[in-house]
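A short write-up of the structure that comes next.
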Amino acid sequence: MEKWYLMTAVVLLGLTVRWTVSLNSYSGAGKPPMFGDYEAQRHWQEITFNLPIKQWYFNSSDNNLQYWGLDYPPLTAYHSLLCAYVAQFINPDWIALHSSRGYESQAHKLFMRATVLIADLLIYIPAVVLHCCCLKEISTKKKIANALCILLYPGLILIDYGHFQYNSVSLGLALWGVLGVSCDWDLLGSLAFCLAVNYKQMELYHSLPFFGFLLGKCFKKGLKGKGFVLFVKLAGTVVASFTLCWLPFFTERAQALQVLRRLFPVDRGLFEDKVANIWCSVSVFLKIKDILPHHVQIIVSFCLTLLSLLPACVKLTLQPSPKAFRFTLVSCALSFFLFSFQVHEKSILLVSLPVCLVLSEIPFMSTWFLLVSTFSMLPLLLKDDLLMPSVVTTMAFFIACATSFSIFEKTSEEELRLKSFSVSVRKHLPRFTFLPRIIQHLFIISVITMVLLTLMTVTLDPPQKLPDLFSVLVSSVSCLNFLFFLVYFNIIIMWDSKDGRNQKKIH
Amino acid sequence: MAALSVMTGGGSWFLALALGVTLLKCLLIPTYHSTDFEVHRNWLAITHSLPISQWYYEATSEWTLDYPPFFAWFEYALSHVAKYFDQEMLNVHNLNYSSSRTLLFQRFSVIFTDALFVYAVHECCKCVDGKKACKELTEKPKFILSVLLLWNFGLLIVDHIHFQYNGFLFGLMLLSIARLFQKRHMEGAFLFAVLLHFKHIYLYVAPAYGIYLLRSYCFTANKPDGSIRWNTFSFVRLISLGLTVFLVSALSLGPFLALPSIFCLWFKPQGPRGFLRCLILCALSSFMFGWHVHEKAILLAILPMSLLSVGKAGDASIFLILTTTGHYSLFPLLFTAPELPIKILLMLLFTIYSISSLKTLFRKEKPLFNWMETFYLLGLGPLEVFCEFVFPFTSWKLKYPFIPLLLTSVYCAVGITYAWFKLYVSVFTDPPVGKTKKQ
């Protein structure tokens, strides 16, 4: 592409921001006995390197599952094993069985941070660059600006390079999946997505749109001919990739079942900690966990999740298109986040990734969503001592989006993709012209609330009777915002086909 | 919403660049800092707790005050803000005190005072020709110059990692240069005089100022062929210049080696551009031949050269060689492992951007580099790989630990000397600005 040097500069800038954030503290730093996610990842390197595969997911004297037992699918375990080999080469003390528990040193931190950077550089960043280069109907400058904004998204940077996780691997693989499937490389796309699911089971949030889109493609090609062939090939790819990843665990039935038990801990309850979803927010007023018995909780959660995502997925299957696919990814993941079982606040990243993909189409709403998603993780980030990088990266992201897309000029009905919806409503209520203005006001209220809450959480101490006041306020406010976005994205999807024709006239 | 859209509208790219680099500087706060950090903390303590008469005598710490008085006053002013962050840092006996609040204050003071640098860059952009009509923002000389100055690699790692206050000082210098370009000579001279009393290292470029102002300001017009017209000498102007404190260095050897260019400035004046060329030569000569030169002094030549680089292809070529080797020569300043990715990433960012954007700007003229220069610049890559990644694992590390430093210095010296030579030649071979000028 022309101006490749600007794209290179953007990638280098993204890498620099990532590394400077990684200079800060990580989850559980200096906090024995349990420490945090950083220690969990180090522990998994220890377990996978020193123990045979059969013992990785089982409780034993060498592998105490209560101390950060493996609860991600096998691909994470293989990745940890790979890192462990490198660690062994540099300093075996880092992964020595038992004695390396709680190991913390400057050199080790460098090593761990480097593993995140390398994984990011190999998987996530190339996918983002490719996605931006493949965007249609926009200038090179806008493509580069798009890449800049996506690479500066604070949520992913702060969790991966601050808190410490490897979300860029699973999200990157999912992104390769999206790219493959959108460009009609269906087999490779599904392979990539299967790998993503086998890296982190939370990627299942994206599975229904993938299924719906691919099924829709098969239908379009005709179930009696090419469509059927495609369906069989896809099924074969999925089965093959899963088999490959789980091969060592298929030797005994008990193995596979135990892994599944670790991946889906249904015993752990509806939610843990403060998370910005419905159950946690409602339980402020109504203690659901106490009122409903456990199995009823599961059923209610399942039904609500399914109900909220079904319309969009059905529409996608009937009218598959890459654009509808991206939007359905957003709404589906958001439905799961809001209504599903055992959701963690970091799962919002599963919604943020598809929103990044639609940044070029609805810049104003996407920027707003991505800001809220970062804000929703505030209590976690403050616990990890990441206030400064959070504020700085959020401001940088906001400035990048505001100047790249001129977001405040793009708040008309057409630009918010709400034209056909408003037209439909105006058939019954002729005076319904105030939607953009309402949305603008909501944006201002939302931003002011987020800023105020941040200031309060940082400067004030919560009252003694309500020690969790600020976390609860943050998650409740975020939940309200997310509900609004769920409604908004579903409206866009359901009223979409008429929009498509109008858009061509404007551009 | 309308107000927000005006703020973030099309003309605000400069603000976005300035804010962006400021945020990057905030991210660099937790990086390694050198002993210069303690130096400045000590000076804060000295100026805050002791009477003026003691400032240049106090020697509890090894880092005694060795900058001119204006800088001491600057530290004194800062110390009054410092007391709200951490009173303990202002105690002269708290050697090597570096609490988290002290660190925060010191880093923020550098970031905050950079505001003067941002303003100066803004003024410099006004002096750059927008002759080439390009609609594309990223190809405008103003945009390229802003990036080259605001995001300068050397300044970022010296000021915001290593720790120094060069930002606002170079701001003063660039502002005085901009004023000379804008024909506001008195302001330019005043600003430079102020600068000298902040940091005496700028004495190296004083001859350029002296001769230019004498020749092009005190003599109000030239003869048609550009030579001096003695009867236009303005005594008033000379006196007024003299009234602003004007020092000419006669101490170090370096500036004398720039003497031929100074003569050129007198006999064949080329307007503000010629002055700038001479200034850069003075700075470079002093860097190459001066006494007790720090590697950071290369910034004294690099930053003003940025202004020339967006004007002519020949200057762009010299600038790129000087900048790339000059910036690489700063690498040994950051020798800690966590900072290694930062310095490589930022260096790549600046180098790739500067070379590509200037190549694009001058794509209609002959290529910027010949094969020899290209090879030389590319050689920096293997050199870095050898020095930082291969050498530490060889057996020579114990016997000859100085080899990477030696190689770096020698390799960069070749590039800087070459740039110096080319610049020298360009001063003499460029046509003079020989029209009668009514000032």
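Based on a Kirkwood Rh over C-alpha pairs, give the Stokes-Einstein translational diffusion coefficient of segment B:17-148 at 20 °C and viscosity 1.002 mPa s in µm²/s.
Estimated diffusion coefficient is 126 µm²/s.
Between their Cα atoms, which of A:Lys3/A:Lys410; B:Lys140/B:Lys312; B:Lys142/B:Lys312; B:Lys25/B:Lys343; B:Lys312/B:Lys366 are more than 18 Å away from each other? Can you show the working numbers first?
Details: A:Lys3/A:Lys410 26 Å; B:Lys140/B:Lys312 13 Å; B:Lys142/B:Lys312 14 Å; B:Lys25/B:Lys343 13 Å; B:Lys312/B:Lys366 11 Å.
Result: A:Lys3/A:Lys410 exceed 18 Å.
Expressed as a whole number of Å, what is the distance separating the alpha-carbon centroids of segment A:233-251 and segment B:369-410?
Here the answer is 48 Å between Cα centres.
Apply the Kirkwood formula to segment A:396-507: the hydrodynamic radius equals the inverse of the mean of 1/r over all pairs of different alpha-carbon atoms; give it in Å with one decimal. Numbers along the way, then the final one.
Working: mean 1/r = 0.0598 Å⁻¹.
Taking every pair of different Cα atoms in segment A:396-507, averaging 1/r and inverting gives 16.7 Å.
Among all the lysines, which ones have a C-alpha under 30 Å from A:Lys233's C-alpha, if same-chain residues fewer than 8 places away are not counted?
Here the lysines satisfying the reach criterion relative to A:Lys233 are A:Lys136, A:Lys200, A:Lys217, A:Lys220, A:Lys221, A:Lys224, A:Lys315, A:Lys323.
Can you list which of the DSSP-assigned H helices in chain B have a Cα extent of 20 Å or more along the long axis and an average Kyte-Doolittle score of at least -1.0?
Numbers: long enough: B:13-27 (21 Å, 2.00); B:100-126 (40 Å, 0.64); B:166-181 (22 Å, 1.62); B:271-289 (27 Å, 1.25); B:313-329 (24 Å, 0.62); B:340-361 (31 Å, 1.58); B:403-429 (39 Å, 1.42).
Result, helices passing both filters: B:13-27, B:100-126, B:166-181, B:271-289, B:313-329, B:340-361, B:403-429.
Taking Rh as the Kirkwood radius, which is the inverse of the mean 1/r over Cα pairs, what is the Rg/Rh value for segment A:325-466? Walk me through the intermediate numbers first.
Numbers: Rg = 17.3 Å, Rh = 17.1 Å.
Here the Rg-to-Rh quotient is 1.01.
Roughly how large, in nm² to one decimal, is the mean projection of the convex hull of the alpha-carbon atoms in segment B:66-135? Let's see the in-between values first.
Numbers: hull surface 30.9 nm².
Over every viewing direction, the Cα hull of segment B:66-135 projects on average to 7.7 nm².
Averaging the inverse of every distinct alpha carbon separation and then flipping it gives the Kirkwood radius. What is it for the protein assembly as shown, in angstrom units? Please list the in-between numbers first.
Working: mean 1/r = 0.0321 Å⁻¹.
Roughly 31.1 Å, rounded to one decimal.
How much accessible area is lost when chains B and A come together, counting both sides, with a 1.4 Å probe, in Å² rounded to the nearest 100? Provide the component values of the computation, followed by the final result.
On the way: alone 20310 and 22880 Å², together 40170 Å².
In total, chains B and A hide about 3000 Å² from solvent.
Summing -39500 (n - 2.57) over the DSSP H runs of n ≥ 4 in the protein assembly as shown and dividing by its residue number, what mean residue ellipticity at 222 nm do you reach, to the nearest 500 deg cm²/dmol? Could the numbers behind the result be given before it?
Working: 45 runs with 601 residues, N = 946.
Taking each H run of at least 4 residues, the total per residue is -20500 deg cm²/dmol.
Counting only other chains, and only Cβ atoms inside 10 Å, what mean value do you get across the residues of A:438-445? The partial results should precede the final answer.
Values: counts 0, 0, 3, 1, 0, 2, 2, 0.
Partner-chain Cβ atoms within 10 Å, mean over residues of A:438-445: 1.
How far, in degrees from 0 to 90, does helix A:435-459 lean away from the longest principal axis of the Cα atoms of chain A, to the nearest 10?
30 degrees
In whole percent, and with a 1.4 Å probe on the protein chains, what portion of the accessible area of the protein assembly as shown is carbon and sulfur?
On the way: 27730 of 40170 Å².
Roughly 69 percent, rounded to a whole number.
So what is the diffusion coefficient of segment A:249-324 in µm² per second by Stokes-Einstein at 37 °C and 0.692 mPa s, using a Kirkwood Rh over Cα pairs? Don't skip to the end; give the middle numbers.
Numbers: Rh = 15.5 Å.
The diffusion coefficient I find is 212 µm²/s.
Pick from B:Glu295, B:Glu136, B:Glu58: which residue has the top mean-square fluctuation in a GNM of chain B where Cα pairs under 10 Å get a spring?
B:Glu136
How big is chain B along each principal axis, measuring the range of its Cα positions in Å and listing the largest first?
In descending order, the Cα extents are 64, 61, 55 Å.
Based solely on C-alpha atoms, express the radius of gyration and the Dmax of chain A in angstrom.
22.9, 73
State in Å² the accessible area per residue of chain B; use a 1.4 Å probe, count heavy atoms of protein chains only, and round to the nearest integer.
Details: 18790 Å² over 439 residues.
In whole numbers, chain B has 43 Å² accessible per residue.
Provide a list, ordered by number, of residues in segment B:328-358 showing at least 30 Å² less accessible area with every protein chain present than when their chain is taken on its own, using a 1.4 Å probe.
With the partner chains in place, segment B:328-358 has these residues losing at least 30 Å²: B:Pro338, B:Pro341, B:Ile342, B:Leu345, B:Leu349, B:Ile352, B:Tyr353, B:Ser356.
Excluding A:Ser321 itself, what net charge comes from residues whose Cβ is under 11 Å from its Cβ, given Lys and Arg +1 and Asp and Glu -1?
Numbers: positive: A:Lys217, A:Lys220, A:Lys315, A:Lys323, A:Arg326; negative: A:Asp496.
Cβ neighbours under 11 Å give a net charge of +4.
Tell me the per residue accessible area of segment A:309-466 using a 1.4 Å probe; a whole number in Å² is fine.
Values: 6090 Å² over 158 residues.
For segment A:309-466, the solvent-accessible area averages 39 Å² per residue.
Please determine, in degrees from 0 to 90 and to the nearest 10, the orientation of helix A:363-376 with respect to the longest principal axis defined by the Cα atoms of chain A, where the helix direction is its Cα long axis.
Tilt of helix A:363-376: around 30 degrees.
Sequence neighbours fewer than 8 away in the same chain don't count; with that in mind, list the aspartates and glutamates whose C-alpha is under 13 Å from A:Lys54.
List returned: A:Asp62, A:Glu252.
Segment A:399-476 to segment B:312-365: how many Å between their Cα centroids?
Going from one Cα centre to the other spans 42 Å.
Would you give the gap between the C-alpha center of segment A:332-390 and the C-alpha center of segment A:131-189, rounded to a whole Å?
That distance is 15 Å.
How large is the direction-averaged shadow of the alpha-carbon convex hull of segment B:117-215, in nm²? The partial results should precede the final answer.
Numbers: hull surface 28.5 nm².
Dividing the Cα hull surface by four gives the mean projection, 7.1 nm².
Once segment B:337-439 is represented by equal point scatterers at the alpha-carbon sites, with solvent omitted, what log10 I(q)/I(0) does the Debye formula produce at q = 0.19, 0.20, 0.21, 0.24 Å⁻¹?
-1.16, -1.22, -1.28, -1.41
The values are calculated or read from the model by the stated rules, or taken from the named source; none is laboratory data. Just so you know, these numbers come straight off a predicted model, no measurement behind them. Heads up, the Cβs are rebuilt from the backbone with ideal geometry, glycines too, and the neighbour counts pull from every protein chain shown. Accessible surface is based on the protein model in full, side chains and every heavy atom, while ligands, DNA and RNA are left aside. Shrake-Rupley method; radii C 1.70, N 1.55, O 1.52, S 1.80 Å.
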